[in-house]
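Peer 1: Before we start, here is the structure in question, set down as structure tokens.
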Amino acid sequence: MTETVTSEDTAELLPEFPLRFGEEESRTDGALAYARLATGDPVTRVRLPSGRPAWLVTGYQEVRAVLTDARASRQAAARSEGAQVLAVERVGTSILTLDPPDHTRLRRIVGRGFTARRSEALRPRIAEMAGELLDDLAAGPRPADINERFCMLLPVRVICELLGVPLGDRHRFEAWRDALIAPTGPDRPFDAGAHQALLAYIGELVAAKRKEPGDDLLSILAAAGQGPSDKDDALTDQEIVALGGTLLVAGFETTVAQLGLCLREILARPEGLLSVPTERTELAAEVEELVRRLPIGNFGGTLARQATEDMEVGGVLIRAGEVIVAATQAANFDPAAFPAPLDHDTARDNGSHQMAFGFGVHHCLGSPVARIEIQEALLALRTRFPEMRLAVPDEELRFVPGAASRRLERFPVTW
């Protein structure tokens, strides 16, 4: 029987979403919180930071249904007052805020830089970068902050090289990231200044790439549609700059958080880094299970959508105009899809199953590169520092307050 609940519900009485994780969150709190969501009703009512009511979808099949339904529109949510969960949803027209066919066109063009083959070709260079960073780590003092010295630096170096962005500008765009990828709400207004500064910076880089193109993604974007037969691939300067800014900021934030969480989990094991498999297939399975079990954010894993027509999800009628948050991170703990979901089981068929990198048309473009980064980082750490261990009790680790991702402030280790 279809349940009907309208947006006239008293929003103040609804539970808040996103989840609120504290600085003192333990290693398992995130997983336990999403596991509790996944074992409840698959479609429930919540209140967003703006105070607006929304539908929270947590069941695995129900999340997949929402993320493949054209009636659940990212574009409508991005333009709707109070529907946003993260500040980045307010950046205007970008690949994150569009629906097909506009989204399809942009993704086809930028996807050329993230094909499985091109991503795999980056593996030796990513392994080389990891080795260089660990050389620097070994030459420095102990204990060392592995977060600052490795987990943050590797994804930043990779995205800079992939896009063709000067690594020396790291601190500039990290500040813009902190302003743009953050939970939104009345107490956290959108930082239009940071957004404009990022766009101006990318615009300068694109202009330079047109004069002196390189073998990087910004050069590919800058050249898109420039040839006489490239009308279908034509990008406006506004689209190029928006794409470049989105890829730069989003291209390292989630990987930084994922890598730190994975390493923290591994160092908590009795065998530590020696538990990391060295065989390629086993290593890939290990990383898939780690990213499934270690949710990186309090916002559910995907950006909000808005129903453009009445639609039914999990037996619940969602009216046109109502907001939907399909929580992929909760779906990854649905026992119907992942038996004993809190257990670490590398025999699961996670590669095409788990949704840590999203699902549907907005599935993370950079997921092949992110997977390789985490694999090569863990393998390099195991090889170079097999005896690495935490230099402080695990319960002393703290997460960056107010951040959208569960990114550790400090991560002291020794060996």
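Peer 1: (1) in a helix (DSSP H, G or I); (2) open to solvent by 30 Å² or more (accessible area, probe 1.4 Å); (3) in contact (Cβ under 8 Å) with a residue 24 or more places away in the chain: which one isn't true of Thr281, the others all being true?
Peer 2: (3) is the only condition that Thr281 fails.
Peer 1: Of all the helices (runs of 4 or more DSSP H) wholly in the range 35-136, which have at least 2 residues that are under 25 Å from Ala194 (Cα atoms) and under 20 Å from the mean Cα position of the chain (by Cα)? Spell out the reasoning first.
Peer 2: Numbers: elements: 60-67, 74-78, 102-110, 116-121.
Output list reads 74-78, 102-110.
Peer 1: Any idea how many residues of the range 54-77 are open to solvent by less than 20 Å² (accessible area, probe 1.4 Å), of a type outside the set (D, E, K, R) and farther than 13 Å from Gly314 by Cα?
Peer 2: Of the range 54-77, the ones open to solvent by less than 20 Å² (accessible area, probe 1.4 Å) are 54-60, 63, 66-67, 72-74, 77.
Still in the list and also of a type outside the set (D, E, K, R): 54-60, 63, 66-67, 72-73, 77.
Next, only the ones that are farther than 13 Å from Gly314 by Cα stay: 54, 67, 72-73, 77.
Total meeting the criteria: 5.
Peer 1: Being under 19 Å from Gly300 (Cα atoms), in contact (Cβ under 8 Å) with a residue 12 or more places away in the chain, of a type in the set (Phe, Trp, Tyr) and surrounded by fewer than 21 Cβ atoms within 10 Å (Cβ to Cβ) is the requirement here; does Phe399 meet it? Steps first, answer last, please.
Peer 2: Values: under 19 Å from Gly300 (Cα atoms): yes; in contact (Cβ under 8 Å) with a residue 12 or more places away in the chain: yes; of a type in the set (Phe, Trp, Tyr): yes; surrounded by fewer than 21 Cβ atoms within 10 Å (Cβ to Cβ): no.
No: the conditions fail for Phe399.
Peer 1: Let me ask you something else. Please name all residue pairs, on different chains or six or more residues apart, with Cβ atoms under 6 Å, provided the first residue is in the range 200-214 and is free of Cβ contacts under 8 Å to residues at least 40 places away in the same chain and among the hydrophobic types (A, V, I, L, M, F, W, C) and the second residue is open to solvent by less than 40 Å² (accessible area, probe 1.4 Å) and part of a helix (DSSP H, G or I).
Peer 2: Val206/Ala222; Val206/Ile240
Peer 1: Which residues, taken from the range 387-396, are open to solvent by less than 40 Å² (accessible area, probe 1.4 Å) and acidic (Asp, Glu)?
Peer 2: Within the range 387-396, Asp394 is the sole residue that qualifies.
The values are calculated or read from the model by the stated rules, or taken from the named source; none is laboratory data. Note that the structure is predicted; figures quoted are calculated from it, not measured. Here the Cβ is made from the backbone with ideal geometry for all residues, glycine too, and neighbour counts use every protein chain on show. Surface areas here come from the heavy atoms of the whole protein model, side chains and all, with no ligands, DNA or RNA. Shrake-Rupley method; radii C 1.70, N 1.55, O 1.52, S 1.80 Å.
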